[in-house]
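A short write-up of the structure that comes next.
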Amino acid sequence: MGTLIKNGTVVNATGSQRADVLIQGEKIAQVAANISNDSHQIVDATNLLVMPGGIDVHTHLDMPFGGTTSADDFETGTIAAAFGGTTSLVDFAIQYRGQTMRHALDEWMKKASGKAVIDYSFHMIVTELPDAGLGDMDVMVRDEGVTSFKLFMAYPGVFMVDDATIFRALRRTGENGGLVCMHAENGGVIDLLVQEALRKGHKAPKYHALTRPPRAEGEATGRAIALAEMAGVPIYIVHLSSADALQKVREARDMGLPAFAETCPQYLFLSYDNYEEPGFDGAKYVMSPPLREKWHQDVLWKGLAKDDLQVISTDHCPFCMAGQKELGTDDFSKIPNGAPGIETRLTLVHNGGVRQGRISLNRFVELCSTTPAKMFGLFPRKGTIAVGSDADIVVFDPEKQQTLGLKTLHMRVDYNPYEGTVVRGAPSYVISRGAVIIENDRFVGTRGAGQFLKRGPSLASTL
Ligand code: URP
Ligand code: ZN
Ligand code: ZN
């Protein structure tokens, strides 16, 4: 006996069709019109969309950062992801200075295993790269399926590395097949602006944004791409927020360079105006890069439609206002950077992208599932509804209305950036490797059922 999804519209990145989907065990066994019922468990998808489960390639669960730890762990965070239709995520393990990548991976495996309810993997954050570290990179790619590395051009004294380190890492990926993901903001300039602002007594949350100008992101994005060009390898820019940075990616792509980038819903739906909310409420939106003036949103949407941006991830990094964000009540630079979003990505992008006519349904699937899978070595196991692929499926009701907010959402954080926003389009069923895990707005999955995904090389060169 299998599970048969009947009467839905199957939506892949490449096209849509009316078809039934038969799941046997953990895999998709058949995609065809009118598959006979036999004795299968039936999921009725009449008037619903049957899409590959969302793949979120940028999350921070249980991450020590800014003097505290992100509020969702691998249990609460992956349950929230599942409610939102995400069935795989790629989080980050941190190789701190003086530590090996092996140690970092072991630590993050401990955090996730036995807790995650959906499949997961890790990028490796690299904070230094001595000669031994180069060998560590090879081992990660070859033996552990950790085929991507995040480096930071910002957060001096914490994560920031210099250009020589970046260049070394990039060159090594040319040999071992890994992919460098870059946090592209000019950390030196930002640090100076922050110190100046604090000296002037500018302490409110909005100064977080005012000391991280779009040009600082544009400059670093251009530099990162130039370093990758000199190394002769692809590069992936994370959480791109501004027209300035997008222009650098577009110019590079127009020249034929393999430069890729993701943006996140917060940069498409929120703006600098949120920092002007009364009192300390602007702290809810303190993240890096910061929210930009509203006009950047249209530029990003055009980038998504034209494939200058290839992926939408969340950068989910939640901190409660109480006890966490309030660490920066008297100093914006002490507000932990990050915001929640793991649960709201599909519904927000569907509502604001597909329903508003900015992107097609197929492009929606491509941005939120198929290209993330290809970019990070999970395709075709994940990211498509096809025979032989994992049965990671979201049965999505494009008309279902939801009011986003603390009452309806499941992330373990005491505010939501979209509180009160009404959206249309939400999952009805979510299936992870053949098991129904969300049904009728209830979680019916199992703690610890999520498996670590050893990833293959990026398929970026085919994109
Ligand atoms: O503010 C953010 N983005 N927090 C998470 C860490 C990072 O830089 O991605
Ligand atoms: Zn970052
Ligand atoms: Zn991040």
Can you say whether G201 is at positive phi, away from ligand 1 (no atom under 15 Å from the Cβ) and under 25 Å from the mean Cα position of the chain (by Cα), as far as the supplied structure shows?
no
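Within the stretch 146-153, identify whether any single residue is within 15 Å of ligand 1 (Cβ to nearest atom), touching a Gly at 6+ places or on another chain (Cβ under 9 Å) and in a loop (DSSP other than H, G, I, E, B), and answer yes or no.
Going residue by residue through the stretch 146-153, those that are within 15 Å of ligand 1 (Cβ to nearest atom) are 148-153.
Those left that are additionally touching a Gly at 6+ places or on another chain (Cβ under 9 Å): 148-149, 152-153.
If we keep only those that are in a loop (DSSP other than H, G, I, E, B) as well, we get 153.
Yes.
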Return the residue satisfying two criteria in turn: it lies in the stretch 373-418 and is among the small types (G, A, S) and part of a loop (DSSP other than H, G, I, E, B), and of such residues it is surrounded by the most Cβ atoms within 10 Å (Cβ to Cβ).
G383
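Is there a residue being surrounded by 15 or more Cβ atoms within 10 Å (Cβ to Cβ), within 16 Å of ligand 3 (Cβ to nearest atom) and closer than 21 Å to G84 by Cβ anywhere in the stretch 34-56?
Taking the stretch 34-56 first, the residues surrounded by 15 or more Cβ atoms within 10 Å (Cβ to Cβ) are 35, 40, 43, 45, 48-56.
Add one more test, that the residue is within 16 Å of ligand 3 (Cβ to nearest atom), and what stays is 55-56.
Checking the rest, the ones that are also closer than 21 Å to G84 by Cβ come to 55-56.
Within the stretch 34-56, one or more residues are surrounded by 15 or more Cβ atoms within 10 Å (Cβ to Cβ), within 16 Å of ligand 3 (Cβ to nearest atom) and closer than 21 Å to G84 by Cβ.
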Members of the stretch 235-273 found to be touching a residue at least 40 places away in the same chain (Cβ under 8 Å), assigned to a helix (DSSP H, G or I) and not aliphatic (A, V, I, L, M), listed by number:
R250, R253, P265, Q266, F269, Y272
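Assess whether K325 counts as being at pLDDT 95 or above and either closer than 30 Å to V50 by Cβ or within 16 Å of ligand 2 (Cβ to nearest atom) (or both). Even if it seems obvious, please write down each step before you answer.
Working: at pLDDT 95 or above: yes; either closer than 30 Å to V50 by Cβ or within 16 Å of ligand 2 (Cβ to nearest atom) (or both): no.
In short, no.
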Just give me the residues in the stretch 109-135 being more than 16 Å from ligand 2 (Cβ to nearest atom) and buried (at least 24 other Cβ atoms within 10 Å of the Cβ), in sequence order.
A112, A116, V117, I118, D119, Y120, S121
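Could you tell me whether G279 is under 30 Å from T76 (Cα atoms), away from ligand 2 (no atom under 16 Å from the Cβ) and not in a helix (DSSP H, G or I)?
Details: under 30 Å from T76 (Cα atoms): yes; away from ligand 2 (no atom under 16 Å from the Cβ): yes; not in a helix (DSSP H, G or I): yes.
In short, yes.
Can you name every residue in the stretch 231-248 that is within 16 Å of ligand 2 (Cβ to nearest atom) and farther than 26 Å from D331 by Cα?
Of the residues in the stretch 231-248, the ones within 16 Å of ligand 2 (Cβ to nearest atom) are 235-242, 245.
Within the stretch 231-248, I235, Y236, I237, V238, A245 meet the criteria.
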Just need a number here: residues in the stretch 12-29 that are over 22 Å from F364 (Cβ atoms), touching a Ser or Thr at 6+ places or on another chain (Cβ under 8 Å) and among the hydrophobic types (A, V, I, L, M, F, W, C).
2
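Any idea how many residues of the stretch 427-461 are assigned to a helix (DSSP H, G or I) and surrounded by fewer than 20 Cβ atoms within 10 Å (Cβ to Cβ)? Working first, answer last.
So the first thing to find is which residues in the stretch 427-461 are assigned to a helix (DSSP H, G or I), and the list is 460-461.
Of the ones still in play, those that are also surrounded by fewer than 20 Cβ atoms within 10 Å (Cβ to Cβ) are 461.
Matching residues across the stretch 427-461 total 1.
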Lone unmet requirement of (1) hydrophobic (A, V, I, L, M, F, W, C); (2) within 18 Å of H123 (Cβ to Cβ); (3) within 16 Å of ligand 2 (Cβ to nearest atom) for A228
(3)
Some residue of the stretch 96-118 being closer than 14 Å to H316 by Cβ and within 13 Å of ligand 1 (Cβ to nearest atom)
no
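How about the stretch 333-355: which of its residues are within 13 Å of ligand 1 (Cβ to nearest atom) and touching a Leu at 6+ places or on another chain (Cβ under 9 Å)?
Restricting attention to the stretch 333-355, the residues satisfying the condition of being within 13 Å of ligand 1 (Cβ to nearest atom) are 333, 335-342.
Scanning the stretch 333-355 gives S333, I335, P336, A339, P340, G341, I342.
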Please go through the stretch 205-218 and give me each residue that is buried (at least 19 other Cβ atoms within 10 Å of the Cβ) and of a type in the set (A, V, I, L, M), ordered by number.
A209, A216
Subset of the stretch 39-89 (residues that are part of a loop (DSSP other than H, G, I, E, B) and within 16 Å of ligand 2 (Cβ to nearest atom))
V57, H58, H60, L61, M63, G66, S70
Before we move on, is I235 within 21 Å of T127 (Cβ to Cβ), within 14 Å of ligand 1 (Cβ to nearest atom) and either at pLDDT 95 or above or crowded, with 22+ Cβ neighbours inside 10 Å (or both)?
no
Can you say whether V180 is touching a Ser or Thr at 6+ places or on another chain (Cβ under 6 Å), at pLDDT 95 or above and either within 16 Å of ligand 1 (Cβ to nearest atom) or more than 19 Å from A460 (Cα to Cα) (or both), as far as the supplied structure shows?
yes
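Residue-by-condition table, conditions (1) in a loop (DSSP other than H, G, I, E, B); (2) within 16 Å of ligand 3 (Cβ to nearest atom):
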residue: Y275; (1), (2): no, no
residue: A283; (1), (2): no, no
residue: L291; (1), (2): yes, yes
residue: L300; (1), (2): no, no
residue: D308; (1), (2): yes, no
residue: E326; (1), (2): no, no
Residues that are part of a strand (DSSP E or B), within 16 Å of ligand 3 (Cβ to nearest atom) and buried (at least 21 other Cβ atoms within 10 Å of the Cβ): does the stretch 334-346 have at least one?
yes
Please name all residue pairs, on different chains or six or more residues apart, with Cβ atoms under 6 Å, provided the first residue is in the stretch 146-168 and is of a type in the set (D, E) and the second residue is modelled with pLDDT under 95 and not in a loop (DSSP other than H, G, I, E, B).
none
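Which residue, of T9, T59, is among the hydroxyl-bearing types (S, T, Y) and either in contact with a Cys (Cβ under 7 Å, 6 or more places away or on another chain) or within 16 Å of ligand 1 (Cβ to nearest atom) (or both)? Step through it out loud before you land on a result.
Working: T9 fails: either in contact with a Cys (Cβ under 7 Å, 6 or more places away or on another chain) or within 16 Å of ligand 1 (Cβ to nearest atom) (or both).
It is T59.
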The residue that is surrounded by the most Cβ atoms within 10 Å (Cβ to Cβ), considering only those in the stretch 145-192 that are within 15 Å of ligand 2 (Cβ to nearest atom) and of a type in the set (S, T, N, Q), is S148
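The values are calculated or read from the model by the stated rules, or taken from the named source; none is laboratory data. Owing to the predicted nature of the structure, the values given are computational and were not obtained by experimental measurement. Methodologically, a virtual Cβ is constructed for each residue, glycine included, from the backbone with ideal geometry; neighbour enumeration extends over all protein chains shown.
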